[in-house]
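J.: Starting off with a structure, shown below.
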Amino acid sequence: MRTDRLIEALKADAAVKPAPMSRAWLMAGLAGAAIAAALFFAMLGPRPDIGTAMHSMRFLFKFAATLLLLATALVALAALGRPAGDRRRAWLMLAVPALLAAAVVVDMAVMPADAMRERWMGSNMMLCLGSIPLLGLGPLAAFLLGLRHGAPTRPTLAGAVAGLAAGGLAATFYAAHCTDDSPLFVASWYTLGIAMLALLGALGGRLLARW
Amino acid sequence: MGGSDEAELSRLLRVALGGDEKAYADFLHRAAALVRGYVRRRVGQGGIDPEDVVQETLLALHLKRHTWRTDAPVGPWLYAIARFKLIDAFRRAGRRITVDLDAVSDTLASPEAEETASPRDVERALASLAPGQQAVVRSISVDGNSIAETAGRLGMQETAVRVALHRGLAAIARKFGSD
């Protein structure tokens with residue numbers, strides 16, 4: 001087929017307008033949040049003492065960290081989903097480990113060492129490690145679909161960031177259930193669960209976000 | 001691409017995306033020339049037909065045109081897509097290569113395609129399409145019929161023709177991704 005003939009076909013198809021990326025990400029976010037919420041309330045639900053917990057700094061801090069991850073990962077994802085998107089935005093995600101490190105340092109200063117270790121292991125490590133990836137599967141699928149609508153020039157990396165965003169969303173829900181509020185616990189086990197989603201996302205990006 | 005040329009091309013695409021089909025065809029022709037020059041400078045002897053990459057890139061520019069931020073210069077977006085498709089082509093041909101995008105600024109446009117006798121990748125992908133989609137895409141591209149003429153010839157509604165054309169083009173693009 002001659003190129004000018006192909007151009008005629010593309011021109012004839014010009015009336016079919018693809019949805020803007022902003023709309024694609026909005027739908028993906030809503031769908032992901034809905035799936036995670038449904039699973040969360042069906043399986044786990046918020047912790048019984050959430051009313052009092054909400055007055056605790058450590059409890060609230062968990063949400064600061066997970067929401068910061070969600071926000072910075074979504075910004076990075078949107079950039080990675082376009083050719084020539086501003087990839088430097090991904091560096092914003094470094095704010096999350098920085099915040100966690102600061103919180104751990106502060107916690108270590110106020111907590112005695114043996115209490116630290118106990119709180120680090122926590123009471124529900126396995127539940128945490130299992131729940132965050134599980135809750136994140138729906139959001140990850142939604143974000144990968146968003147990437148499919150886009151055009152990531154680094155699909156594996158973009159998929160990994162989709163996993164981080166899904167992890168941020170899943171962790172936000174899980175934090176409402178989890179009774180282990182130690183920053184060291186969050187920095188270790190939440191991170192591990194989220195990393196699993198990032199790995200899954202990288203694989204998903206490589207396989208699905210092709211164009 | 002010079003500063004004012006790029007601004008002009010960005011303006012053209014912006015107008016085209018607003019619904020001006022003639023401007024869109026104009027943009028695609030200019031994009032084809034730019035990509036042709038870009039690819040020819042990077043393809044050595046044998047293995048890769050530059051026009052294949054040009055056609056795959058045009059298809060990608062078309063199907064992913066919503067990924068261009070209309071307030072951004074069109075050059076980086078266009079060449080990022082061309083580079084991605086070129087690397088894909090090299091990968092399929094069995095070679096590993098990194099392409100220096102910084103060399104983009106001194107690329108000359110190549111308006112004319114070299115014609116070959118053997119079918120291009122896009123045409124081969126077309127041949128593997130479902131019969132309905134294939135007939136529509138072939139009628140509009142190869143045979144040069146309009147949507148209305150195609151609807152008449154194939155006994156279809158115009159909306160059905162548009163749908164078949166769109167799905168056919170998307171299916172052709174997917175064939176390259178899954179190679």
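The values are calculated or read from the model by the stated rules, or taken from the named source; none is laboratory data. This is a predicted model, so every value here is computed, not measured. Cβ sites come from the backbone with ideal geometry, for glycine too, and all protein chains shown count toward neighbours.
J.: When you scan region A:80-90, do you find a residue that is away from every other protein chain (no Cβ under 14 Å) and at pLDDT 95 or above, even just one?
T.: Looking through region A:80-90, none of the residues is away from every other protein chain (no Cβ under 14 Å) and at pLDDT 95 or above.
J.: Follow-up. Looking at A:165, A:160, A:141, which one is modelled with pLDDT of 95 or more, surrounded by fewer than 21 Cβ atoms within 10 Å (Cβ to Cβ), within 30 Å of residue B:62 (Cβ to Cβ) and under 12 Å from the mean Cα position of the chain (by Cα)?
T.: On inspection, the qualifying residue turns out to be A:141.
J.: Could I ask something else about it? Does region A:4-59 hold any residues that are at pLDDT below 95 and β-branched (Val, Ile, Thr), and which are they?
T.: A:16, A:50, A:52
J.: Would you say residue B:52 is outside any loop (DSSP other than H, G, I, E, B), surrounded by fewer than 20 Cβ atoms within 10 Å (Cβ to Cβ) and not hydroxyl-bearing (Ser, Thr, Tyr)?
T.: Values: outside any loop (DSSP other than H, G, I, E, B): yes; surrounded by fewer than 20 Cβ atoms within 10 Å (Cβ to Cβ): no; not hydroxyl-bearing (Ser, Thr, Tyr): yes.
Judged against the criteria, residue B:52 is not a match.
J.: On the given criteria, is residue A:56 touching a residue at least 40 places away in the same chain (Cβ under 8 Å), over 25 Å from residue B:171 (Cβ atoms) and among the polar types (S, T, N, Q)?
T.: In short, yes.
J.: Is region A:65-87 home to any residue that is among the basic types (Lys, Arg) and surrounded by fewer than 17 Cβ atoms within 10 Å (Cβ to Cβ)?
T.: yes
J.: Given A:10, A:94, which one is more than 14 Å from chain B (Cβ to nearest Cβ) and in a helix (DSSP H, G or I)?
T.: So the residue among A:10, A:94 that is more than 14 Å from chain B (Cβ to nearest Cβ) and in a helix (DSSP H, G or I) is A:94.
J.: If I filter region A:151-161 for residues that are within 15 Å of residue A:29 (Cβ to Cβ) and either in contact with a helix residue (DSSP H, G or I) (Cβ under 6 Å, 6 or more places away or on another chain) or within 14 Å of chain B (Cβ to nearest Cβ) (or both), do I get at least one hit? Before you say what the answer is, go through the steps one by one.
T.: Here is the first cut: in region A:151-161, the residues within 15 Å of residue A:29 (Cβ to Cβ) are A:161.
Subset that is either in contact with a helix residue (DSSP H, G or I) (Cβ under 6 Å, 6 or more places away or on another chain) or within 14 Å of chain B (Cβ to nearest Cβ) (or both): A:161.
Within region A:151-161 (the criterion being within 15 Å of residue A:29 (Cβ to Cβ) and either in contact with a helix residue (DSSP H, G or I) (Cβ under 6 Å, 6 or more places away or on another chain) or within 14 Å of chain B (Cβ to nearest Cβ) (or both)), the answer is yes, since at least one residue qualifies.
J.: Taking the condition of being touching a helix residue (DSSP H, G or I) at 6+ places or on another chain (Cβ under 7 Å) and within 9 Å of chain A (Cβ to nearest Cβ), how many residues in region B:162-174 meet it?
T.: Number of matching residues: 5.
J.: Give the residues of region A:16-26 that are more than 7 Å from chain B (Cβ to nearest Cβ), among the hydrophobic types (A, V, I, L, M, F, W, C) and free of Cβ contacts under 8 Å to residues at least 40 places away in the same chain, sorted by residue number.
T.: Correct list: A:26 only.
J.: Show the residue pairs that are 6+ apart or on different chains and have beta-carbon atoms under 8 Å apart, the first residue being within region B:108-120 and more than 8 Å from every other protein chain (Cβ to nearest Cβ), the second being at pLDDT 75 or above and part of a loop (DSSP other than H, G, I, E, B).
T.: B:116/B:49
J.: A further question follows. With B:44, B:75 as the choices, which residue is more than 10 Å from chain A (Cβ to nearest Cβ) and either more than 11 Å from the chain's Cα centre (by Cα) or not aliphatic (A, V, I, L, M) (or both)?
T.: Details: B:75 fails: more than 10 Å from chain A (Cβ to nearest Cβ).
Unique residue meeting the criteria: B:44.
J.: While we're on this one: Taking residue A:153 and the conditions (1) closer than 18 Å to residue A:60 by Cβ; (2) modelled with pLDDT of 95 or more; (3) hydroxyl-bearing (Ser, Thr, Tyr), which numbered condition does it fall short on, given that it satisfies the others?
T.: (1)
J.: State whether one or more residues within region B:15-26 are without any contact (Cβ under 8 Å) to a residue 12 or more places away in the chain, under 15 Å from the mean Cα position of the chain (by Cα) and assigned to a helix (DSSP H, G or I). Break it down stepwise before answering.
T.: Filtering region B:15-26 for residues without any contact (Cβ under 8 Å) to a residue 12 or more places away in the chain gives B:15-16, B:18-25.
Filter once more, keeping what is under 15 Å from the mean Cα position of the chain (by Cα): B:24-25.
Add one more test, that the residue is assigned to a helix (DSSP H, G or I), and what stays is B:24-25.
Within region B:15-26, one or more residues are without any contact (Cβ under 8 Å) to a residue 12 or more places away in the chain, under 15 Å from the mean Cα position of the chain (by Cα) and assigned to a helix (DSSP H, G or I).
J.: Let me ask you something else. Being in a helix (DSSP H, G or I) and at pLDDT below 90 is the requirement here; does residue A:115 meet it?
T.: In short, yes.
J.: Where the second residue is in a helix (DSSP H, G or I) and among the basic types (Lys, Arg) and the first is at the interface with another protein chain (Cβ under 9 Å from one of its Cβ atoms) and lies in region B:133-153, which pairs have Cβ atoms under 8 Å and are six or more apart or on separate chains?
T.: B:141/A:5; B:142/A:5; B:144/A:5; B:147/B:162
J.: Here's something else I'd like to know. Tell me which residues, restricted to region B:16-30, are at the interface with chain A (Cβ under 9 Å from one of its Cβ atoms) and not acidic (Asp, Glu).
T.: Scanning region B:16-30 gives B:16, B:17, B:19, B:22, B:24, B:25, B:28, B:29.
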